[in-house]
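Here's the structure, in structure tokens; my notes come after.
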Amino acid sequence: MLYLVYHAHVDPLTLLSEIGDCADFSVRSAVAAYLARPGEAQNIETARQILIGMSGESGEQGQRTRLELARLLGELPDSFDPLLATLLRDPAASVVREAIRSVGSLRKVSLASILLELLSQPEFSSDAAQALAKLGDQAVGLLERRLGDSSSPIDSRRAIPPILVSIGTPDATRAILDNLLERDTALRFQMISALNKIHQLHPEIALDMQLVETVLAAEIMGHYRSYQIQAALCLPEDANEPVMHALRESIQQELERVFRLLGLLYPHLDLHSVYFGLQSKNATVYDNALEFLENVLKSPLRAILVPLLDGKVSPQQRAAMAERFVRAKVGNREQAVAELVASDDPWLKSCGAYAIGTFAIKSLEVELGKCLEHPDPLLRETARAAKLRLEAVAANS
């Protein structure tokens with residue numbers, strides 16, 4: 001067929017229609033590839049018509065044809081954007097994945113917005129992330145806008161920091177830094193971790209250390225706030241209540257974020273070992289880690305941070321210090337629970353909803369109503385159960 005097209009000047013579309021059932025996807029893709037490539041025989045428009053015909057096929061054979069088309073487009077000249085866009089929304093997952101790879105191979109920035117949509121779909125997230133990373137600095141602006149857009153799906157936003165690490169340029173680093181005060185704690189942790197990786201892989205990229213210090217201060221204040229909430233709940237530190245369990249987990253996550261930020265400020269120190277030393281049950285290991293930290297931290301930071309790490313300082317003492325540092329006081333259990341249910345973290349919010357029902361805090365019933373509309377299924381179910389408990393308490397009173 002290629003011989004006839006080139007030497008006999010036969011119209012490939014006519015030839016394909018005449019051979020009927022023999023014109024499977026391999027024959028058509030070969031002819032389209034031949035006509036699309038630069039040279040004397042190049043005929044982009046005819047190649048496009050063949051490829052459009054392949055994209056419109058249905059059924060099992062049609063899926064094989066579209067899969068071959070998606071693969072082929074990544075090897076042809078960059079002239080078939082509408083076809084690639086169509087295949088990125090194909091009903092067959094295998095076709096979509098192959099189309100994503102072709103977008104990455106061609107570095108098609110014009111289709112990056114579709115890749116961003118696919119980031120929130122688990123079956124395509126990994127391939128879409130790899131394709132976006134191949135776009136390099138051309139995609140950073142788009143990624144940064146999505147990263148900072150609180151109205152976008154959180155799954156797609158949380159997939160962005162690793163992509164920026166893969167791009168690994170000053171612009172990608174700046175995109176992370178500019179969003180480092182993100183309210184979602186899981187996303188903020190990912191961004192801090194991403195900065196750690198970039199700093200390890202590309203130490204030549206300068207970071208805005210003043211901004212890092214600002215974020216560190218905010219994390220430390222949030223850590224003190226957690227001890228305020230814990231003290232106001234009036235429950236033992238080792239209580240096996242869901243609320244206390246959530247607070248302990250939150251405190252541990254806050255501490256890890258603090259140490260990751262410290263790692264950016266003091267890259268020459270082995271703060272990873274210090275962090276694990278402070279988790280040790282061995283008194284000597286713990287004391288050595290704390291002493292090391294006291295010796296290396298700057299005075300203002302040392303005065304605020306060390307009491308949070310010193311085992312001799314009780315949670316109650318930390319809560320009292322928080323009133324000075326945070327300049328806000330959680331006066332009672334109701335305020336403490338209000339802090340939890342106002343959190344952006346769905347898990348903490350769920351624990352707040354649970355506490356409203358458990359402690360029968362009628363004044364926060366409106367907050368339960370808001371939780372019933374939340375996209376997180378666990379939070380909705382917890383709020384529903386808490387509301388039923390409130391109604392039962394009201395009926396018995």
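Structural remarks
- Lysine pairs in the chain with Cα atoms under 24 Å, if 8 or more residues apart or on separate chains: 13
- The trypsin sites (Lys or Arg not before Pro) of the range 70-132 that meet both conditions, a loop assignment by DSSP and at most 13 other Cβ atoms within 10 Å of the site Cβ, are Arg89.
- Using equal-weight Cα scatterers in the Debye expression, the normalised intensity of the chain in log10 at q = 0.08, 0.09, 0.14 Å⁻¹ is -0.61, -0.71, -1.18.
- Three semi-axes of the equivalent ellipsoid, the range 101-247, Cα gyration tensor, whole Å, largest first: 34, 19, 12
- Fully extending the segment from Glu381 to Val393 would add 2.5 nm, taking 0.36 nm per residue of separation and subtracting the current Cα-Cα distance.
- Accessible surface, per residue, of the range 317-397 when the full set of protein chains is kept, probe 1.4 Å, Å²: 55 Å²
- Of Ser343, Leu309, Ala319, farthest towards positive along the dipole that unit charges on Lys, Arg, Asp, Glu beta carbons give the chain: Ala319
- Sites Ala93 and Arg302 - FRET efficiency at Förster radius 41 Å, r taken between beta-carbons, to 0.05: 0.15
The values are calculated or read from the model by the stated rules, or taken from the named source; none is laboratory data. This structure is a prediction, so every number in the text was calculated from the model and none was measured. Heads up, the Cβs are rebuilt from the backbone with ideal geometry, glycines too, and the neighbour counts pull from every protein chain shown. Accessible surface areas use protein heavy atoms only, side chains included; no ligands, DNA or RNA. Shrake-Rupley method; radii C 1.70, N 1.55, O 1.52, S 1.80 Å.
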